[in-house]
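The values are calculated or read from the model by the stated rules, or taken from the named source; none is laboratory data. Keep in mind that what you see is a predicted model, and the values were worked out from it rather than measured. All Cβ positions, even for glycine, are placed from backbone atoms using ideal geometry, and neighbour counts span all protein chains on display.
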Amino acid sequence: MNTKKRLDPIVLKADFPILAREVHGKPLAYLDNAASTQKPQAVIEALDEFYHTHYANIHRGIHTLSEEATAAYEEARDKVAAFIHAPDRRGVIFTRNATEAINLVAYTWGRANVGPGDHIVVTEMEHHSNLVPWQLLAREVGAGLAHVSITDKGRLDLESLDRLLQGPVKLVTFTHVSNVLGTVNPAQEIVARAHAAGARVLVDAAQSAPHLPADVELLDCDFLAFSGHKMCGPTGVGVLYGRPELLEEMPPFLSGGGMIRRVGRAKASWNDLPWKFEAGTPAIAEAVGLGAAMDYLSAVGMEAVWAHEQELATYALERLAEMPGVRVIGPPAAPHLGGERAGVVAFTVESIHPHDLAQALDWEGVAIRAGLHCAQPLHERLGLVATARASFYLYNTREEVDRLVDGIQKAQRLF
Amino acid sequence: MENLYREHILDHYRHPRNQGTLDDADISCELDNPVCGDVVRLDIRLRDGRVSEVRFSGRGCVISMASASMLTEEILGKTVEELKALQDEDMFGMLGITLGPVRAKCGLLPLRVLHEGLDRLEES
């Protein structure tokens, strides 16, 4: 651990212009990174430079700008492929976000491969974006939807997975890191068990790709989805990684320009991967911006990012545990106690509604999230109405955790 | 902070008016805010076309609960037509503050419950 490269959040903070601003006269402590992250100057400049000097539509015009824009867009794809260790760039598809990536699989692979009586396995800790598309698919084709249960400590119950895998399961899909519990699921183990049972696997990496080294070859998953905006990139661009051999067999998702090879009056044939799944003019500049985000994160080093967030999570868990009336949701074990836990810490404060807590903290310049975090079934499973959530990234500091704690104490005095 | 959690808002939160439920109410309606899980229910009895009794129940933040409490005081004795005419601005007026687009959903939830209840009354 101590041989690894460490990062200095104070130095990195200076790369993010927005973090220099004040909120209500206090320095901003941005602790809502699981919702979206801020953008470094390098990403903002990449967008700016692209629009200033290279912008045109891609894969179409025979002119200099179109060539340059196409090259920049495709270079971004290579950066994404390298970032997630995708063995083949044809498996890297730009989508709008993780939600659209998951919907792409549900609408194309799902409708072609899941039929009446088949089972789709999700977990009790899914974000709505990795639950609702499967509810719709199951209802439409007459398939069953089963949920891997979680333990009271907030970890997946793998025995429950094994029981479900005895059924006619076509797909297992799960979040790599829970956006509420901070649980890091044993992805490789789950993928291996699902494959052994003959199921395909989609990993929702929206909360993992931005925070820990991502490796689709190591995971051995069939599909992986994530959003650019949660990892220093612009909004409007996300990624679906899929095994090219599966993507080849899948029918198209959205149709129109860009995704076709030949179009006759009555029918059309499809473009090669990955463009077969990129209908219409994509988010070109945003993809270029995402490429710049990949460069930025790679330069910092994802192992350093992960180590830093584990440290902050550990510190936050320690501080919150000392506070009367504060209950932390999710696995109690901090990393040094043997349990991996991402930098997502959801909690409740006795007799203070999370909204009021978030409002009180906002007044102190501390930005957190309050509510159901798009995970209503999980909150119901845990018997919670709503929670407050602090989530960290590479630019957060221990001092900001202290300000969170101070802000909670202030709110406890107010309400 | 002082702006949002003014003393009269905190007072309604700490000492809610007309809290509870009514059996055989003429209007009973409950809605939730799916983003945060807040729930507000209103039970209203009418006599001669006016609100003769009203209770609210539910769970939520200071803003949604205080709004519900204030709304019950506001509508007591009012006619159905007067209830229908209540606008978002009236609710902000009762609160004495203007809420941003996110927090407005908390403050306006009780009013939405009232309007939904009135719609159902007309349909029945």
Quiz item: Only one residue in A:Asp8, A:Asp15 is under 30 Å from A:His176 (Cβ atoms) and surrounded by fewer than 16 Cβ atoms within 10 Å (Cβ to Cβ), so which one is that?
Solution: A:Asp8
Quiz prompt | Scope region A:368-415; condition assigned to a loop (DSSP other than H, G, I, E, B), surrounded by 23 or more Cβ atoms within 10 Å (Cβ to Cβ) and away from chain B (no Cβ under 13 Å); matching residues | solution = A:Ile368, A:Phe392, A:Tyr393, A:Leu394, A:Tyr395, A:Asn396
Quiz item: Applying the selection to region B:95-124, what residues are within 14 Å of chain A (Cβ to nearest Cβ), free of Cβ contacts under 8 Å to residues at least 60 places away in the same chain and in a helix (DSSP H, G or I)?
Solution: B:Ala104, B:Gly107
Quiz item: Which residue out of A:Gly142, A:Gly117, A:Gly154 is over 24 Å from A:Leu181 (Cβ atoms) and either in contact with a strand residue (DSSP E or B) (Cβ under 8 Å, 6 or more places away or on another chain) or of a type in the set (Asp, Glu) (or both)?
Solution: A:Gly117
Exercise. Kindly indicate the residue of region B:55-74 that is touching a Leu at 6+ places or on another chain (Cβ under 6 Å) and more than 14 Å from chain A (Cβ to nearest Cβ) and also farthest from A:Val385 (Cα to Cα) among those meeting that condition.
Key: B:Arg55
Quiz item: within 30 Å of A:His147 (Cβ to Cβ), without any contact (Cβ under 8 Å) to a residue 40 or more places away in the chain and under 23 Å from the mean Cα position of the chain (by Cα), is that true of A:Ala214?
Solution: no
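Residue-by-condition table, conditions (1) touching a strand residue (DSSP E or B) at 6+ places or on another chain (Cβ under 8 Å); (2) at pLDDT 95 or above:
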site	(1), (2)
A:Pro244	no, yes
A:Lys267	no, no
A:Trp270	yes, no
A:Lys276	yes, yes
A:Ala292	no, yes
Practice problem: For B:Ile9, indicate whether it is within 14 Å of chain A (Cβ to nearest Cβ), outside any loop (DSSP other than H, G, I, E, B) and in contact (Cβ under 8 Å) with a residue 24 or more places away in the chain. | Solution: yes
Quiz item: Which residues, taken from region A:77-130, are part of a helix (DSSP H, G or I) and among the charged types (D, E, K, R)?
Solution: A:Arg77, A:Asp78, A:Lys79, A:Arg89, A:Arg90, A:Glu100, A:Arg111
Practice problem: At least 3 residues that are of a type in the set (Gly, Ala, Ser) in each: list the helices (runs of 4 or more DSSP H) lying fully within region A:133-225 that qualify. | Solution: A:187-196
Exercise. Could you run through region B:2-58 and say how many residues are in contact with a strand residue (DSSP E or B) (Cβ under 9 Å, 6 or more places away or on another chain), over 26 Å from B:Glu122 (Cβ atoms) and either aliphatic (A, V, I, L, M) or at pLDDT below 95 (or both)?
Key: 3
Practice problem: Would you confirm whether any residue within region A:342-350 is modelled with pLDDT under 90 and within 14 Å of another protein chain (Cβ to nearest Cβ)? | Solution: no
Exercise. Could you list, in sequence order, all residues of region A:198-248 that are out of contact with any Cys (no Cβ under 9 Å at 6 or more places or on another chain), of a type in the set (D, E, K, R) and surrounded by fewer than 21 Cβ atoms within 10 Å (Cβ to Cβ)?
Key: A:Asp215, A:Glu217, A:Asp220, A:Glu245, A:Glu248
